[in-house]
Amino acid sequence: MAATRYRRFLKLCEEWPVEETKRQRDLGVFLRQRVAQAFREGENTQIADPATCDQMYESLVRIHTNYYKNKYPRLKDTTFTGVTVEDCKMILATDILKQMEEMKKGTWKKLRERFYAKKSDEDSK
């Protein structure tokens with residue numbers, strides 16, 4: 001029975017998309033890592049709690065197939081702020097978040113980082 005569960009999770013991992021814009025924060029990558037951890041021995045892995053394993057699988061399938069999005073359709077594809085799904089994806093991209101973090105830094109912190117970076121470069125020569 002563990003072999004069946006393992007194959008189902010593998011199939012789900014194959015179908016789950018990986019979003020390149022969310023490096024190190026993507027749910028698909030995290031899912032693949034957790035499945036690899038949970039099934040270290042592949043099909044021969046002994047599952048301590050099969051009911052919980054099945055429940056996790058069913059929950060992930062509902063997320064992957066947009067079960068609740070389809071069950072409770074929205075009238076508009078925007079939020080109360082008027083931001084669209086595409087705008088949200090762009091804003092949550094790793095590169096944009098790094099740029100926003102850089103903008104939040106104070107002037108002294110930016111200068112200190114630049115000074116220490118130059119100093120360490122000179123020391124290494």
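In contact (Cβ under 8 Å) with a residue 24 or more places away in the chain, within 26 Å of Ala93 (Cβ to Cβ) and open to solvent by 60 Å² or more (accessible area, probe 1.4 Å): does that describe Arg62? Spell out the reasoning first.
Numbers: in contact (Cβ under 8 Å) with a residue 24 or more places away in the chain: no; within 26 Å of Ala93 (Cβ to Cβ): yes; open to solvent by 60 Å² or more (accessible area, probe 1.4 Å): yes.
It is false that Arg62 is in contact (Cβ under 8 Å) with a residue 24 or more places away in the chain, within 26 Å of Ala93 (Cβ to Cβ) and open to solvent by 60 Å² or more (accessible area, probe 1.4 Å).
Need the failing condition index for Tyr68 against (1) assigned by the TED database to the domain that holds Val35; (2) at pLDDT below 80, just the number.
(2)
Which one is least open to solvent (accessible area, probe 1.4 Å), of the residues in the stretch 44-59 that are modelled with pLDDT under 90 and closer than 13 Å to Ala3 by Cα? Explain how you work it out, then say what you get.
Here is the first cut: in the stretch 44-59, the ones modelled with pLDDT under 90 are 44-50.
After this cut, where a residue has to be closer than 13 Å to Ala3 by Cα as well, the list is 44-47, 50.
On the way: Asn44: 112, Thr45: 14, Gln46: 164, Ile47: 44, Pro50: 51 Å².
Ranking the candidates gives Thr45 first.
For residues that are at pLDDT below 85 and within 19 Å of Thr65 (Cβ to Cβ), tally how many sit in the stretch 18-43.
Count: 3.
Residue check, Cys13 against (1) surrounded by 12 or more Cβ atoms within 10 Å (Cβ to Cβ); (2) at pLDDT 90 or above; (3) more than 20 Å from the chain's Cα centre (by Cα), all met but one. Which one?
(3)
Looking only at the stretch 72-94, decide whether some residue is at pLDDT 85 or above and open to solvent by 70 Å² or more (accessible area, probe 1.4 Å).
yes
Just one of (1) touching a Phe, Trp or Tyr at 6+ places or on another chain (Cβ under 7 Å); (2) within 29 Å of Ile91 (Cα to Cα); (3) among the acidic types (Asp, Glu) trips up Glu19, so point out which.
Unmet for Glu19, out of (1) touching a Phe, Trp or Tyr at 6+ places or on another chain (Cβ under 7 Å); (2) within 29 Å of Ile91 (Cα to Cα); (3) among the acidic types (Asp, Glu): (1).
Looking at (1) farther than 30 Å from Glu86 by Cα; (2) touching a residue at least 60 places away in the same chain (Cβ under 8 Å), which one does Arg23 not meet, given that it meets all the others?
(1)
Does Gln24 fit the bill of being in a loop (DSSP other than H, G, I, E, B), among the polar types (S, T, N, Q) and open to solvent by 80 Å² or more (accessible area, probe 1.4 Å)?
In short, yes.
How many of the residues making up the stretch 32-88 are of a type outside the set (Val, Ile, Thr) and outside any loop (DSSP other than H, G, I, E, B)?
29
The values are calculated or read from the model by the stated rules, or taken from the named source; none is laboratory data. Quick caveat: nothing in here was measured; it's all calculated off a predicted structure. Glycine gets a Cβ as well: all are built from the backbone with ideal geometry, and neighbour counts include every protein chain shown. The protein model used for the area step is the full one, side chains on, heavy atoms only, and it has no ligands, DNA or RNA in it. Shrake-Rupley method; radii C 1.70, N 1.55, O 1.52, S 1.80 Å.
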